[in-house]
Amino acid sequence: MKKLERVMLIDDDVNTNFYNKILLEQSNLVEDIVIFQQAMEALAYLKNDGHNVSIILLDINMPVMNGWEFLEAYEKLDAKLKETLVVVMLTSSVNKEDHERASKINSVKRFLSKPISPEDINGLVSLIEAEMVKV
């Protein structure tokens, strides 16, 4: 299985980020992990240095800029940047409307519930490989 070059975690919960980082590192399927507790900072990073990001794991409920607001801004980014980037909602939301809303956004390729599992990580690598074939 191919390694993911860089995973971006966007979640305001420090414990969730810590846990996800540990699991990603233990999987040996990720070369680098960048973590943002503020979606606005993650967006700025993408605009400036985001060309090596393979996948974004995005929470919905965050202060200042939530996951939906992030996606609105993300959609306006350069198409070249987004063509090899996969967005996955990783949230504790059990709201059916959130899942339906995410399914209508082309950039969102998967909707997962926290916490992430080793099986989820393997599925994400497969998802990236499938998306790369489309490009």
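The values are calculated or read from the model by the stated rules, or taken from the named source; none is laboratory data. Quick caveat, the model's predicted, so the values are computed rather than measured. FYI the Cβ positions are ideal-geometry reconstructions off the backbone, even for glycines, and counts take in every protein chain you see. The accessibility values were calculated without ligands, DNA or RNA, using every heavy atom of the protein model including side chains. Shrake-Rupley method; radii C 1.70, N 1.55, O 1.52, S 1.80 Å.
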- Which aspartates and glutamates, on any chain, are close to K96 with Cα under 18 Å apart, when same-chain ones fewer than 8 places away are left out? D59
- Query: Roughly how many percent of the accessible protein surface of the chain is carbon and sulfur, given a 1.4 Å probe and a whole-percent answer?
  - Reply: 49
- Using a simple charge model, +1 on the beta-carbon of Lys and Arg, -1 on the beta-carbon of Asp and Glu, nothing else, what dipole does the chain show about its Cα centre, in debye to the nearest 20? 340
- Item | Under the Karplus curve 6.51 cos²θ - 1.76 cosθ + 1.60, θ = phi - 60°, whole-Hz ³J(HN,Hα) for the range 64-76, x wherever Gly or Pro sits | 6, 10, 7, x, 5, 5, 4, 5, 4, 5, 4, 4, 8
- When the Karplus curve 6.51 cos²θ - 1.76 cosθ + 1.60 is applied with θ = phi - 60°, which whole-Hz ³J(HN,Hα) does each residue of the range 84-90 get, with x for Gly and Pro? 10, 9, 10, 10, 10, 6, 10
- Message: Quick check: from the Cα gyration tensor, does the range 4-134 come out rounded (a/c under 1.5), prolate or oblate?
- Response: rounded
- How would K109, K76, K2 rank on accessible area, largest to smallest, probe 1.4 Å? K76, K2, K109
- Please list, in chain and number order, the residues 5+ apart from I35 or on another chain whose amide H is under 5 Å from its amide H, with Hs placed from the backbone. L9
- Message: Let me check against my output: what whole-number percent is the relative contact order of the range 4-134, with C-alpha pairs under 8 Å and at least 6 apart?
- Response: 26
- Task: Could you tell me which of rounded, prolate or oblate describes the range 49-126, using a ≥ b ≥ c as the square roots of the eigenvalues of the alpha-carbon gyration tensor, with rounded for a/c under 1.5 and, failing that, prolate when a/b is larger than b/c and oblate otherwise?
- Result: oblate
- Query: Per residue, how many Å² of accessible area does the chain show with a 1.4 Å probe?
  - Reply: 54
